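Encoded as structure tokens, the structure appears first; notes follow it.
The values are calculated or read from the model by the stated rules, or taken from the named source; none is laboratory data. These numbers come from a predicted model, not from an experiment. Ideal geometry is used to build each Cβ from the backbone, glycine not excepted, and the neighbour counts take in all protein chains shown.
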């Protein structure tokens with residue numbers, strides 16, 4: 001979890017977020033604190049902090065709770081610099097550094113912080129090169145999002161854009177195929193099952209908001225729409241679950257050993 005103080009120093013709470021902040025060294029860390037009562041449970045975190053030259057110490061659990069603003073800190077808190085948004089240009093540069101076909105995730109007004117954090121965590125785990133979120137109305141890199149992402153944001157760049165449709169058009173010009181996910185196609189639209197689409201080349205997976213799905217303008221920007229067929233009685237999947245299923249299908253196709261289209 002992440003909370004912001006008046007001095008723009010942020011409080012990062014929890015083992016995974018603090019560990020990944022230390023491992024990645026993506027942003028300055030001012031101090032790491034662990035609970036006195038834990039004895040040697042957090043020895044790995046303290047060792048990493050000392051190796052990085054970060055000030056560290058032990059304090060009572062109650063002090064950590066007061067600092068984090070929650071009891072859900074797992075006995076570990078760090079003071080860190082704010083996590084800044086990336087520029088779209090930064091995202092575009094990532095695939096070449098890895099020698100991979102571009103893969104980006106765009107969230108069209110997804111507003112639940114838990115969904116956004118879980119999607120970003122899944123995206124980082126499955127090799128997504130960066131994510132895009134609109135400025136309004138959508139969940140940005142809030143404390144809840146950071147906690148749900150469980151350290152993934154130390155590695156996954158996230159760009160915040162004023163107009164998602166324009167950003168997708170820019171990615172099209174850079175050679176990306178825009179793949180939109182829908183629960184039910186609107187009138188006049190056709191949606192493929194994901195395994196019938198070729199998802200091996202440079203692409204952007206676009207997921208819509210929890211209630212309305214993709215906005216019409218964003219859906220029209222997409223080169224293809226995909227829909228996960230369901231065998232049960234529940235009408236639709238949670239956006240985080242649907243996003244995970246689609247990203248796994250993309251990963252499956254890219255791991256097949258076939259050359260990208």
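Numbers for the structure displayed
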{"item": "Residue identified as within 17 Å of residue 104 (Cβ to Cβ), buried (at least 21 other Cβ atoms within 10 Å of the Cβ), under 18 Å from the mean Cα position of the chain (by Cα) and in contact (Cβ under 8 Å) with a residue 12 or more places away in the chain among 146, 158", "result": "158"}
{"item": "Count of residues meeting criterion [over 16 Å from residue 203 (Cα atoms) and either modelled with pLDDT of 95 or more or touching a strand residue (DSSP E or B) at 6+ places or on another chain (Cβ under 7 Å) (or both)] in the stretch 160-186", "result": "5"}
{"item": "Only one of 204, 133, 182 that is more than 30 Å from residue 81 (Cα to Cα) and surrounded by 21 or more Cβ atoms within 10 Å (Cβ to Cβ)", "result": "182"}
{"item": "Only listed residue being in the same structural domain as residue 92 (by TED's automatic domain parsing) and farther than 28 Å from residue 26 by Cβ, chosen from 205, 141, 214", "result": "214"}
{"item": "Residue within the stretch 24-40 that is under 21 Å from the mean Cα position of the chain (by Cα), within 30 Å of residue 164 (Cβ to Cβ) and either part of a loop (DSSP other than H, G, I, E, B) or in the same structural domain as residue 150 (by TED's automatic domain parsing) (or both) present", "result": "yes"}
{"item": "Subset of the stretch 206-244 [in a strand (DSSP E or B) and in contact with a helix residue (DSSP H, G or I) (Cβ under 6 Å, 6 or more places away or on another chain)]", "result": "207, 226"}
{"item": "Pairs, first without any contact (Cβ under 8 Å) to a residue 24 or more places away in the chain in the stretch 103-118, second surrounded by fewer than 23 Cβ atoms within 10 Å (Cβ to Cβ), C-beta under 7 Å, six or more apart", "result": "none"}
{"item": "Flag for residue 81 being without any contact (Cβ under 8 Å) to a residue 12 or more places away in the chain and surrounded by fewer than 20 Cβ atoms within 10 Å (Cβ to Cβ)", "result": "no"}
{"item": "Criterion violated by residue 114 - all others in (1) surrounded by 21 or more Cβ atoms within 10 Å (Cβ to Cβ); (2) in a helix (DSSP H, G or I); (3) within 13 Å of the chain's Cα centre (by Cα) satisfied", "result": "(1)"}
{"item": "Complete set of residues in the stretch 41-70 that are in a loop (DSSP other than H, G, I, E, B) and either in contact (Cβ under 8 Å) with a residue 60 or more places away in the chain or assigned by TED's automatic domain parsing to the domain that holds residue 156 (or both)", "result": "69, 70"}
